[in-house]
Each structure stands twice: as C-alpha cells, then as structure tokens.
Number of protein chains: 2
Amino acid sequence: MRVNADIFADGHDQVMANLLFRKRGNKEWQKTGMKFLVNDLWQGEFPVNEPGIYEYTLEAMVDHLSTWWKDIQKKAESGNDITVDIKSGISLLAESALKVKETDKKGAIQQLIALIQKGEQPERLIKPMGELLDNEFLQKYPLQNHITQYPNILRVTVDRERAGFSSWYEIFPRSCSAEQCCHGTFRDCLSKIPEIAQMGFNILYFPPIHPIGEIHRKGKNNSVTSNADDPGSPWAIGNQKGGHMSIHSQLGNLSDFQQVIKKAKEHGMEVALDLAFQCSPDHPYVREHPEWFRWRLDGTIQYAENPPKKYEDIVPFNFETEHWQSLWEELKNIVLFWIKKGIKIFRVDNPHTKPFIFWEWLIALIKEEYPEVIFLAEAFTRPKVMYRLAKLGFTQSYTYFTWRNTKQELTEYLAELTQSKVKEYFRPNFWPNTPDILSEYLQADNQPAFMIRFILAATLSSNYGIYAPPYERFINQSVPGKEEYHNSEKYELKNWLPEEVKESTRELFATINRIREKNIEFQKTNNIRFLPVENNQLLNFAKFNEEQTDAILVVINLDPHYTQSGWVKIPLYELGISPDQSFLAQDLLGGGQYIWQGEFNYVELNPHILPAHILRIRKHLKKENQFDYFS
Amino acid sequence: MRVNADIFADGHDQVMANLLFRKRGNKEWQKTGMKFLVNDLWQGEFPVNEPGIYEYTLEAMVDHLSTWWKDIQKKAESGNDITVDIKSGISLLAESALKVKETDKKGAIQQLIALIQKGEQPERLIKPMGELLDNEFLQKYPLQNHITQYPNILRVTVDRERAGFSSWYEIFPRSCSAEQCCHGTFRDCLSKIPEIAQMGFNILYFPPIHPIGEIHRKGKNNSVTSNADDPGSPWAIGNQKGGHMSIHSQLGNLSDFQQVIKKAKEHGMEVALDLAFQCSPDHPYVREHPEWFRWRLDGTIQYAENPPKKYEDIVPFNFETEHWQSLWEELKNIVLFWIKKGIKIFRVDNPHTKPFIFWEWLIALIKEEYPEVIFLAEAFTRPKVMYRLAKLGFTQSYTYFTWRNTKQELTEYLAELTQSKVKEYFRPNFWPNTPDILSEYLQADNQPAFMIRFILAATLSSNYGIYAPPYERFINQSVPGKEEYHNSEKYELKNWLPEEVKESTRELFATINRIREKNIEFQKTNNIRFLPVENNQLLNFAKFNEEQTDAILVVINLDPHYTQSGWVKIPLYELGISPDQSFLAQDLLGGGQYIWQGEFNYVELNPHILPAHILRIRKHLKKENQFDYFS
C-alpha cells in the first residue's frame, strides 16, 4: 500500500515524516519512514499481505540535527566561516548521544563533541561530521521537539485478487437439464462445469436456489396468474418447504450443491450465490416472524411496490421494525450459513432498497471473520446511491456500462470510474446483459453486436460477467418497447439446446479469457488510457502495466454493421519507442502481426469477421544483426 | 451563498433537507429549505450581506407524510384500489394535526380525518386531500422520525468587493520628489495621486515607510557596504528613531501620511502598507526585547539567512521564543496601530518564513474586529505552502503568473487556479513585475512585451498589480543572469523623471482599467474559459457573466516581435447565437467593430500597434427591419 501526502513546514527546516500502520484490531502501530518525492509530496509504503482492513496515519516533524548539519554544509561549501555555527551544534549532538545505542556510533559522537569543544578547526571537523551524520544515522535518530500528528486514522480494505479480476458466467441451474422438458438439477450442472471452465470463466453464478413461493406465483412473461406447471421466479424465495437456508428440492439437496462447489473448484472456478433479502408470501418467516414484515390495515401483508409498480409475489422485510435486531441477526445467519457451506462470493439483489446502515453493519461483521468474502452489488440505481453502497463495503458493483454504447459515452463513463475519486472505492463489474436487461444495442438483429459488447466488457473492465445462455445464442427478442427478455427465463423453465449455441461466441469467450489470464494489463481496470483515432466508430485504448512501460492496445469497431477504418495513435513515448523506429503490433485476438512505425497507424475492422484488435506492442523488432549468421 | 450537497436515502421515501446558517459568533442557527436539483443534488442559499465569517451545516430527513401522499397519488393515477392505503394515513394525519397551527388548516385536517374514518369513498377524498397537502403545507409541517445531521460545521469567509477586484499601483514614496536629487516625501506623493487615479488604479501600495536601519545597511545593488548617502532598503526596518509604528522622518510625519490616505480616498483609491515582520539590527526591539531574537554563541545576533544566502541588514524574529506571547501580541499591535490610522490593506512580506499558526492566529483576530481588512501574501514559494497560507486566512496572494509566458503555461496555470479546488480558497493577484523581479520576458529589449504582460495580468485576473515607475519607462536592465533590477530602487533613491514615462503605457493602463471597471466580466477570475485558436502565439479566452449568457472575448498575441494571425473560436452556443446568424464583435480596446458569423473568425494582431483585442460580443446586429422607415 502506497501512501502519498503533502508534508511541509514554514521556514526551511528539514522535515521528516513517518507512516504509521496496523491491521485493524491490533493496538500497536508499526512505523516506516516516508520519502520526499517532489513539490512537498512525500511517499511511504506498508505491506498488506493478506485480505482485511488496515489502518494508517501520518506523523511529521522538523529534525533539528539534520537542519543544523545541512546548513553547515551549505555554508562551508560557499566558504563562510562556520566556527560559531559548529559550536552551536554541541547541544544537539549531546542530545543525540543520549538516544544513540552504544553499538551505533555513540563513541563517534562523543569524540566529535570533544573535538569541537577543544576548538578544532572547522575544516578538520567537516570530515568526521560527514562520516557520523550520514542519511542512515539522521533517519534513525532524529531530534524533534514537536511531532505533528495527522488527526485522522485512514482505512484501506484489502481484498483478495478475485475481487479485482473476475469473469462471471451466470446460468439458472434449473435450466441445465440435458433432456428436454425436465427441471434441471445440480447433477446436470456438474456436467456443464468442464465446458464453462474451458472457456476461462472463473465465477459460476446461480440465481437463488431456494424453494420458490406458490402464493401469487408469477407466470410466463411476468404474468400475475400462473399455471400449475409454472416454476415461478427464483427471487420469490420461500414456501412451506423452507426459505433462505433451504434448497429448492427439484434442484437436488445440499450435498448435490456441494458437489457443484467442489467440481467448480477443481476446474478453477468458484460458485457465487444470490442474496435476495425478501420473501414470497408463503416463506416460513411470514408465519414464524410476522413482526419482520409490514401489515396493512386490512390485515393483509404489504407486498413489494414502487408505485405504480407492484410485485405481488414478493414481500419485503421491514428493516425498521421494532424487532430489527432479530431480523438483522437472522439475515446475517443466512450469509454465514452459506459461507460455511463453501460459498465466498455473493451477488446481492437490489441492495439499494435496504437501509445503508444495514449493509454497513452486515458486511463489516462478515468480513471481520471472513475477509475473503466478495459482495457484488446489483445496484442498478442512481449514481450517488451506487457509490454510497461501494463506500459502505460492497466489493464490486453492477454499472451503467450496459447502456453506454458510443465512443463519447464509453470514454466519459470510464473517465468517471477510473480517473475521478470514484476509483478509490468503487470496483465496476461490466455486464452486457442480465436476466433483467436485454439492452437496445443487443436487440438489433445483428450478431456482431454481441461480439462487440462482450469484447468491450471484458477488455475495458477487469471484472465482467454475462448472463450466458441467451448471449451464446444471440437471443435478442425483447418485450416490445422494453429492455426485458421476451419469455424470460426468470418465469419459465428453459431447455437451452446445446446445438443452438453459436460456437463463434464460445471461441471468443475462450480467447478473450485466455488473453485476460495471460496479460496482467487486463487484470486491473484503472490502468486504462483512451487514445485518439479520428473515427467515432472506432474506440482505441491502451491498458498499461504498473510501471507504465508496457501496454496492450485495444481497437474496437463499435459499429456492428459496417467495416470501419482509421489511424490509431500508439503511445510511443510512454513505451520508449522513437517515432522513427519500427515496432511490432501482435494481435492476440485475431492472430495477425503488423510492422508499424510512427505514432499513427492504420487499422480496418470488419465486424462480421472480427470487430477488434488486441495488440501487444513489442518494442524490439528482430533485426538482421541479431542473427548468428550476421557476423 | 449557494450550497450544493448530495442528499439521498435508501428506498424511495421522500427526502427533505434544510440548510442551517449563522454568522460566526451567533449561537442560533437560521434555517432555510433546500431544493432538489438533479441526480440527488440539492441546493440551498443563504444571504451574506456583510463581510465576516459565516458558518453553515445541513440536515436531511425522510418525510413520512409526503411519502404517503405521493404514493397514494401514483396509485390512484394507475387505477389501483387505495381504500386501505388512505386509511393507513390516519395516524400520520393525526400526528400532523398536533403540529399545525389553528389558523393554518388545522380544521381541514380534522375534517379530513373524520371523512376517512367514516369510510368516505377514495375518489371523494382525493380532492380535499390535494387541497390540504399542497407543497407549502408539506414543506411547513414535515413528519420526520429521524433527522440526519451533517456532522461538520462548514465555514465561508465573506470579504468586501475590493478583495476580489483590485488593481495595485506600487511606488516608493521616497522616489516621488518632483525635483532631482531630493528624498521624496508624502507631500510629493499627494501631487501624484490624481494622475494615478486617472489611470484607474484603485490601490496605491507603498513599501515600508518606517525608519531604515543603519547597521549593515545595504548599498547600491545590494552591496554589503554602503556610503553615507545610501538610503538603505525600506525592508530593513528600524533604527534609533523608531520601528514598525514610526515613520521614516525624511518622508514626513504621521499627519502627512494621513493626508495621503485622505487624498487617495477622495480619488477612489486606498493606500496599502507593507507588513514586513523583521528588523534591522538597530531596531529598538533588539535593545528592548533581546528575548524576541536568536543570539549566536559568540554573542552576536542571528541575522536572516537561507544558506548560503545572507541578509546581514535584517534580523528575523524568533517566533518560537519562550516569550512568543509578548512578541506575537506586539506584532498584532503593529497591525492594529495602522488600521487605526486608516490602513485596511496590507501586503505581507515573505509570510512563508513565519509560522503558519502565527498567521492563522493574527488574521483571525484582526478580521474578527475588522472583517474589511485585506491581506495580500507575498508568498513566492512552493505551491503547497502558498495554498496553505491562503487557507489560513490570507485574502489574496502573489502567484507564478510572473513566470508563465507561453500559451501552454498560461492555460495550465489558470486551469489550476480557476478549475481545481484551489479556487475555493486562493485568490490570485497577478504581477508582471515587482521591485524584486524583472522577468526574463521583460528583459528582452522589446516594448510590446510590457504591453502584453500588462494586458494578460489585468484581463486574466481580476486582481493584479504593477511596480509602476520602471514599468512605465520600459526599464529592462537586470543584474546579469538574474531576474533582478540593475540599480534596484530597493537600495537607492530614484528620481523618476516624468518625461521618461512612455505615454502609450499610461494610455493602456487607463483604457484597460476603464474596461475592467465597466465590464463585470473582468471583476471575477474564475469565470474564464480558454477557447481554441490554431496558433500557439495567440491566446484566446472568454470571460463570462454569472448567468453565462454574456461574454467578453480576449485575444492576445503572446509574441512581442511579430504579427500573428489565426481563426479564433467564439462560444456561440453559450451566447445563444446560431452559426448562421451574423453578430457584432466590438473591440473595447482598439475601438474596431467586426461583423462576424460562424464559430471561427479571423484575427490578426501586430504587437507593435496593439497586441490584443478585447471583444464584447453583441448578439443582436441591427437589421433593416428595425428602422422606422422599413415599414
């Protein structure tokens, strides 16, 4: 963890500064010296070796011994008489001697004091003074009267790597049956795991897996009436068979589910569960804990609504109930229950409809014991609310990427996410689609659109996900005039036929995920820089490594219909390539190789073939003199 | 004072917010409602009618009555049955009735409650409910359980207008003699006042006017030895005749000085004094208060130094002396002394070499009693230190403008000053020269350079100043290799001959100051926007009025040698001019008029004639149909 701070004092005295840090819970601070960089900016670093919350603060002070010594040196260099100046340092040296360890130059100080006291010539003193007062010594034994303590204790949350680099693959386990017309099971899921892992995804995310309410169960296409064979929305949680800690019996049992977790793990994937803190009207809680809900004057339960919208199959918890403590405790227990079953990643449904303070409390409590847990906020809400949830502790968040299509929209949004202060606390997760959202861009009957949005999500952001089955099949039929799937899987069983999968999508998924895995530039989000290209349908950006010495250039044709071309700018200066030097642009996606030269180079992208280049810029092109037979 | 804040709650309840404000010293808060703007941003306003420090904070809450009423309206509009919903509001209405005044709809509420209780049809209730629960009522009697109080009390310092709009004219009164070879006096200054006022300056600034030290007095060109007739640097304050509260006898007496203050005032100007908190070695303080200074081991006093530089004619105060309280008190008394003599503007010499905490204490104390006092910080130091001094209370500050010459340098620096958070606390004052600084740009033997730098200072910044006599005479001879005046007025008497003044400069001063006075766009600094012109020697910027509906365009040729031309962009969209509409660009400086059309228009500037346009853009060009004889 690197900490920068402006540190300065009035006058020209020598300033020193320390960074104080500790893991939260520890009482003792550890200290490390800070270094001056430039323009009153200082930097310190402390190790954060494991996930958790760390605290840090600063202290700064004027060091009288180095101030005195630096002044003496300057005066001596310009030939001033420094006899009196040296004498005035005796008291400082004596004070220093009291601090210094016997083994550590204590003798040398005392000798020096004696020399000064007996009136040794300044020119003879400079050398022993220099030997004694080197930087190491001055840093180790500063002489300070007043320490200025930074008044705030700052906090940094350290997450595990998966929090910053993840690719989510969302499927409904009930639709995993290999056979037509049957309710899928966890056992069916088992057989899908190898092919999903093969495509390089590392999180397998399931919508809720709990018993589904029967009262007011929704039918196909969100109909308020349902037939006997309608499965209902998995987000209407709970029926007489159980609630948030139970498993929908048609999926299998807990042991089956744990088989899925295990097999996923064997294939390098983790299973993410949905946390939807709401109930169907027949959830056991409604009977057992009526005090956790809102009841209307007519004795009916208050279902979820956002007037004029109504969600009759769902009743919300009353988080402000007088009995909030038992409710909150129970919700915490739900999370702990699944953590103990092996789940460490949760996608949280609609967190913005629950109190901020509840999340702050819940996430802090959970992460204290399980700092490795990841919470993804499905907060499709107003920006300030989204950012607030991130500040309260959510690890990742859904974003507006879903609706950012043009170059202007994408660059402005990425600037907000990666260059404003938002980057300090908000980790975006880019989803081209979800079971709730089929965006207008994807609705056009145009297959390259799916490829383009996927490449954008997976290269702009280090965290991304797709709601896979309809994406892999280019399904684009929406409820007319809305951005919702027609015949949404939320309300009906699907039997996704393997033969309908477009192999081109799966190949693209696999290639892109492999590129992300192998190139660290794609494992961060804030390292992006947009670069000019004079064609608004082409997006050109570089992702840099931490040292800013290496970069991958991504050029994407945003137009799913036509071939677009333009001259893209390469960040030559940053990469240490001179404008007259030729270099290699190696296409990690399409496999081509281009020998380029100069800042601007030509690209042309046909969306019906491959809508993007992902170019590793290689500074050193092989030259004839590198071959053995050259000499 | 306008206050913006992000205010939001979880869920979709109706939020309300108040701005609380008071003048510092008052205990009671005043309250005013805030209005929702957009994207969770709210705005409130409170009046700041007089200079001083104001405090403000916020409170926000969910209002249950409006939440209930808005929900009912939405449900009713979409045809839902709202019988139960209306009944659930009885308790809210009853709670409201307790708060409401008899004269203020109390009866109406009680009637409404009675109607609901007796089971009136919802459709018959909507109308009386609407009449009762209008916005005014809901704002006046909110029903809130929990108020969220913003935890910080914020502060805004309100200064008088001169703090934000000033033009400083610096002269040494000792050089004001009309006769050759005589020490100038305050009486001599009196006769200069009308012509300075004529040029439109509104602050007349004098370097220190106190007795000048004799021990180690500097000679010409900062020589360490001086002749008997060398007057010494006015910043080496104090001799046996007096110190910071005395007047150098050759200038006159206190009554003469007050004549100057009075006459300046009659001509619309204020006199600014120099506050240089330092002494010559023969200042009475050294004798009377040796405890306020640093003494070396050899019994000599510690003079000012910044190794290897030495200032033998100046001894600094030891602000950290054990007797700091009496020292600080005395320094405060110096300021109060001059305030009582009629001085309300101080230029503070080298504030960065004194403790931050001293300035914070001094300025707060002074402004508590005299909020109209202006302190200009002569802080030519590192940026963070400059900004810190502004935060501590300085009203204005010198800047790096003096060294910003090219378009890139000027636009970057102005962006820092006017667009970053710096603009919230730092008021820049632009000086092309000072007695300490003759910049390289002005050293070139080129008269347009002086015109260009003056126009830049006075149009980029609403606060600016010049060290006038050498500027008016295009004096450009420096100490070789340095940015200091050769034969600096700091160390010798000058007899500035009136016939050496270049009338062109004084005409320019008068014209520019008149333009600044008449056009409010020049009376602010942060209203600047740079606009494109594809010639790096041309600087093109607009200064907008507060409503952003009117603007003045300034185009300056930064090249003092050659005529430069280019196509300047006009902010047509902001000014409400369509690209096909012709408009008038009226040159307030040169007097020309241009009929232009479209975003980009041609300018050509010959620096030897006039290096700038100051264009008032007039939207409405006269047309034939506006004349009487048209019909």
Next item on the list: Show which aspartates and glutamates lie in cross-link reach of A:Lys27 when reach means a straight Cα distance below 19 angstrom and same-chain residues fewer than eight apart are skipped.
Entry: A:Glu50, A:Glu55, A:Glu59, A:Glu368, A:Glu369
Notebook entry, point to check: How big is the charge dipole of the range B:21-139 about its Cα centre, in debye rounded to the nearest 20, if each Lys and Arg gets +1 on its Cβ and each Asp and Glu gets -1 on its Cβ?
Noted result: 280
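May I ask you to derive the FRET efficiency for A:Asn625 and A:Glu195 from their Cβ-Cβ distance with R0 = 56 Å, giving the value to the nearest 0.05? Don't jump to the answer; show the numbers that get you there.
Details: r = 48 Å, r/R0 = 0.86.
After rounding, the FRET efficiency stands at 0.70.
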Next item on the list: Whole Å is fine, so just give me how far the alpha carbon centre of the range A:199-276 lies from that of the range B:232-262.
Entry: 89
Checklist line | Average beta carbon contacts from partner chains per residue of B:296-302, 10 Å cutoff | finding: 3
Item checked: Label-to-label distance, nm, for residues given as A:Asp580 and B:Arg506 (7 Å Cα→Cβ offset) -> 5.7
Checklist line | Computed P(r) (all Cα pairs; the range B:347-422; 5 Å bins; percent) | finding: 3, 15, 25, 22, 16, 11, 5, 2, 0
Margin query: Residue by residue through the range B:530-540, what is 3J(HN,Hα) from phi via Karplus (6.51 cos²θ - 1.76 cosθ + 1.60, θ = phi - 60°)? Round to whole Hz and write x for glycine and proline.
Written below: 7, 10, x, 8, 7, 8, 5, 8, 9, 10, 10
Check: Any idea what angle helix A:107-117 forms with the longest principal axis of chain A, computed on alpha-carbon atoms, 0 to 90 degrees, nearest 10?
Finding: 40
Next item on the list: Determine the equivalent ellipsoid of the range B:295-436 by diagonalising the alpha-carbon gyration tensor, then write out the semi-axes as square roots of 5 times the eigenvalues, largest first, rounded to whole Å.
Entry: 29, 21, 13
Item checked: Where rotation carries B onto A, the chain B residue whose Cβ is nearest that axis, in whole Å -> B:Lys421, 6
Check: Roughly how many whole Å is it from the C-alpha centroid of the range A:352-391 to that of the range A:50-110?
Finding: 48
Note to self: About the Cα centre, and with charges only on the beta carbon of Lys, Arg (+1) and Asp, Glu (-1), how big is the dipole of the range B:253-366? Nearest 20 debye, please.
What the structure shows: 480
Notebook entry, point to check: What length, rounded to one decimal in nm, is gained on full extension from A:Leu154 through to A:His267, with 0.36 nm per residue of separation minus their alpha-carbon distance?
Noted result: 36.8 nm
Check: For labels at B:Leu336 and A:Glu409 in the simple 7 Å Cα→Cβ model, what's the distance in nm?
Finding: 6.6
Notebook entry, point to check: By DSSP, what percent of the beta bridges with both residues in the protein assembly as shown are antiparallel, rounded to the nearest 5?
Noted result: 75
Notebook entry, point to check: Not counting the cut sites, what is the longest span of chain B without chymotrypsin sites (Phe, Trp or Tyr not before Pro) that DSSP labels loop and that have at most 13 other Cβ atoms within 10 Å?
Noted result: B:1-561
Next item on the list: Quick one: angle between helix B:407-419 and the longest Cα principal axis of chain B, in degrees between 0 and 90, rounded to 10, please.
Entry: 50
Notebook entry, point to check: When the Karplus curve 6.51 cos²θ - 1.76 cosθ + 1.60 is applied with θ = phi - 60°, which whole-Hz ³J(HN,Hα) does each residue of the range A:232-242 get, with x for Gly and Pro?
Noted result: x, 7, x, 7, 8, 8, x, 8, 4, 7, x
Checklist line | Between 0 and 90°, nearest 10: helix A:122-132 axis offset from chain A longest Cα axis | finding: 30
Check: Any idea what the dipole of the protein assembly as shown comes to, in debye rounded to 20, about its Cα centre with Lys/Arg Cβ at +1 and Asp/Glu Cβ at -1?
Finding: 1080
Check: Using modelled backbone amide H atoms (1.01 Å from N, in-plane), which distant-in-sequence or interchain residues come within less than 5 Å of A:Phe317's amide H?
Finding: A:Cys279
Checklist line | Sorted by Cβ neighbour density within 10 Å, fewest at the top, the residues B:His620, B:His283, A:His248, B:His561 | finding: B:His620, B:His561, A:His248, B:His283
Next item on the list: List the distances, in nm to one decimal, from the label point of A:Gln240 to the label points of the same position in every other copy, shortest first, placing each label point 7 Å from Cα along the Cα-to-Cβ direction.
Entry: 11.4
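Taking other Cβ within 10 Å of each residue's Cβ, how do B:Glu161, A:Glu360, B:Glu489 sort, fewest first?
Numbers: B:Glu161 9, A:Glu360 15, B:Glu489 22.
Exposure proxy ranking, most exposed first: B:Glu161, A:Glu360, B:Glu489.
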Item checked: Global form of chain B, assessed from the alpha-carbon gyration tensor, a/c cut-off 1.5 -> oblate
Next item on the list: Compute the length gained on full extension between B:Met1 and B:Lys518: take 0.36 nm times their separation in residues and subtract their Cα-Cα distance, giving the result in nm to one decimal.
Entry: 183.7 nm
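Tally the DSSP beta bridges in the range B:301-432 and give the antiparallel ones as a percent, rounded to 5. Kindly include the intermediate steps, with their values, before the conclusion.
Numbers: 3 of 12 bridges.
Bridges in the range B:301-432 are about 25 percent antiparallel.
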Checklist line | ³J(HN,Hα) computed for each position of the range A:300-314 - Karplus, 6.51 cos²θ - 1.76 cosθ + 1.60, integer Hz, glycine/proline x | finding: 8, 7, 7, 7, 5, 8, 9, x, x, 6, 10, 10, 5, 7, 10
Check: Which one of A:His608, A:Ile556, A:Asn526 has its Cα pushed farthest toward the positive end of the charge dipole of the range A:494-631, where Lys and Arg give +1 and Asp and Glu give -1 at the Cβ?
Finding: A:Asn526
Note to self: Once you place label points 7 Å from the Cα toward the Cβ at A:Gln597 and B:Trp567, how far apart are they in nm?
What the structure shows: 3.3
Note to self: Just to be sure I understand: of the beta bridges DSSP finds with both ends in chain B, what percent are antiparallel, rounded to 5?
What the structure shows: 75
Check: In bins 5 Å wide, starting from 0, what share of all Cα pairs of the range B:392-466 does each bin hold, as a percent?
Finding: 3, 16, 26, 26, 16, 8, 3, 1, 0
Note to self: Quick check: Cα centre of the range B:479-542 to Cα centre of the range A:305-345, how many Å?
What the structure shows: 68
Item checked: Residues B:Cys181, A:Cys182, B:Cys279, A:Cys176 arranged by fewest to most Cβ contacts within 10 Å -> B:Cys181, A:Cys182, A:Cys176, B:Cys279
Item checked: Ascending list, in nanometres, of distances separating the B:Gly79 label from those of the other copies (7 Å, Cα toward Cβ) -> 10.1
Margin query: Once the label point is set 7 Å along the Cα-to-beta-carbon vector, what list of distances in nm do you get between A:Ala94 and its counterparts in the other copies?
Written below: 8.3
Check: Can you give the calculated 222 nm mean residue ellipticity of chain A, where each DSSP H run of n ≥ 4 adds -39,500 (n - 2.57) and the sum is split over every residue, rounded to the nearest 500 deg cm²/dmol?
Finding: -8500 deg cm²/dmol
Next item on the list: Kindly count the pairs of lysines across the range A:495-631 whose alpha carbons are less than 19 Å apart, treating pairs on different chains or eight or more residues apart as eligible.
Entry: 6
Margin query: Can you give the longest run of chain A that contains no trypsin sites (Lys or Arg not before Pro) sitting in a DSSP loop with at most 10 other Cβ atoms inside 10 Å?
Written below: A:119-621
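Taken together, the values in this text are just the output of simple stated rules run on the coordinates, not laboratory data. Only a predicted model underlies this, so the values are computations on that prediction, with no experimental measurement involved. Neighbour counts run over all protein chains shown; Cβ positions are idealised from the backbone, glycine included.
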